[in-house]
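Written below as structure tokens is the structure these notes are about.
The values are calculated or read from the model by the stated rules, or taken from the named source; none is laboratory data. Because the structure is a prediction, the values reported are computed rather than measured. Note: ideal-geometry Cβ built from the backbone for every residue, glycine included; neighbour counts use all protein chains shown.
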Amino acid sequence: MDQKTPGKLDQAEPQAGSILAYKDFIESAKRPLLKPAVWKFDRSLEALHASDRDFKRRIIALAHPDLAEESSAAQDLAIVMQLMKPGERSQLHRHSPWALHFALAGQGYTTIEGVRYDWSVGDIVFTPAWAYHEHVNTSDTEDAILYSLQNMPMLAHLNSLFREEPAGEPMKHVLRHRPGDPGSYTPPPREAEEQGKSSWRA
Ligand SMILES: [Fe+2]
């Protein structure tokens, strides 16, 4: 078969890839070291209390000054702080990054895949990647603060950031869409006789 006319496939011209000399390849891999950075707790707390309530929670991210565009604390780590007022609960959701939640103030619990994990100050809860979870402040009088580390930046670099929030909504592939970018193509329905022949699912 003529490789230049592959059946019914689109004949769009692919973008030409770059070819580099080896020394340029090595040079292009070099990055400067991140500078030291400090996030003062009183400033973070002030910003947290002043933040808007998005996704039913008040959340801020702590970004390294050298990584402000990607809102990361380090190249492969994000830090978010979230405040829950007495009795508040986040909505059930899931995402492709894992998260380590440190309880900084208050008390409450996190449900992970339907199981309740209680926490109070000093406790740490790990939510695995793509596990449904929800946070609840059980106090009638005290605020609760969770300080969370996530591997979100690494997944964003790999175009592998997915969210479902709230649970039951269609899954979103989190991308910065530009006109003409891939990602909006919808394949035609498979022929009925081909359906169910194979699957990658275990
Ligand atoms: Fe989450």
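Conditions (1) over 21 Å from residue 48 (Cα atoms); (2) in contact with a strand residue (DSSP E or B) (Cβ under 9 Å, 6 or more places away or on another chain); (3) outside any loop (DSSP other than H, G, I, E, B), marked per residue:
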{"site": "94", "(1), (2), (3)": "yes, yes, yes"}
{"site": "97", "(1), (2), (3)": "yes, yes, no"}
{"site": "100", "(1), (2), (3)": "no, yes, yes"}
{"site": "119", "(1), (2), (3)": "no, yes, yes"}
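Looking for something within 15 Å of the ligand (Cβ to nearest atom), surrounded by 17 or more Cβ atoms within 10 Å (Cβ to Cβ) and either at pLDDT below 95 or under 27 Å from residue 37 (Cα atoms) (or both) - is there at least one such residue anywhere in segment 110-117? Taking every residue of segment 110-117 in turn, none turns out to be within 15 Å of the ligand (Cβ to nearest atom), surrounded by 17 or more Cβ atoms within 10 Å (Cβ to Cβ) and either at pLDDT below 95 or under 27 Å from residue 37 (Cα atoms) (or both). Among the criteria (1) hydroxyl-bearing (Ser, Thr, Tyr); (2) within 16 Å of the ligand (Cβ to nearest atom); (3) within 18 Å of residue 38 (Cα to Cα), the one residue 96 does not fulfil is (3).
If you check 34, 67, 48, which single one turns out to be surrounded by 11 or more Cβ atoms within 10 Å (Cβ to Cβ) and either polar (S, T, N, Q) or in a loop (DSSP other than H, G, I, E, B) (or both)?
On inspection, the qualifying residue turns out to be 34.
Just one residue in the set 121, 125 is within 13 Å of the ligand (Cβ to nearest atom) and among the hydrophobic types (A, V, I, L, M, F, W, C); that residue is 125.
Scanning segment 52-69 for residues that are away from the ligand (no atom under 15 Å from the Cβ) and not acidic (Asp, Glu), we see that the one that is farthest from residue 157 (Cα to Cα) is 53. Residues in segment 128-172 that are within 15 Å of the ligand (Cβ to nearest atom), without any contact (Cβ under 8 Å) to a residue 12 or more places away in the chain and in contact with a strand residue (DSSP E or B) (Cβ under 8 Å, 6 or more places away or on another chain): 171, 172. Quick one: in segment 70-79, of everything that is more than 16 Å from the ligand (Cβ to nearest atom) and surrounded by 19 or more Cβ atoms within 10 Å (Cβ to Cβ), which residue is farthest from residue 41 (Cα to Cα)? Applying the filter and picking the extreme gives 72.
Quick one: is residue 146 part of a strand (DSSP E or B) and at pLDDT 95 or above?
Criteria met by residue 146.
Within segment 5-25, the residues that satisfy the criterion of being modelled with pLDDT of 95 or more and either aromatic (Phe, Trp, Tyr) or under 30 Å from the mean Cα position of the chain (by Cα) (or both) are 22, 25.
Working only within segment 80-90, note down all residues that are on the phi < 0 side of the Ramachandran plot and more than 10 Å from the ligand (Cβ to nearest atom).
Matches in segment 80-90: 81, 83, 84, 85, 86, 88, 89.
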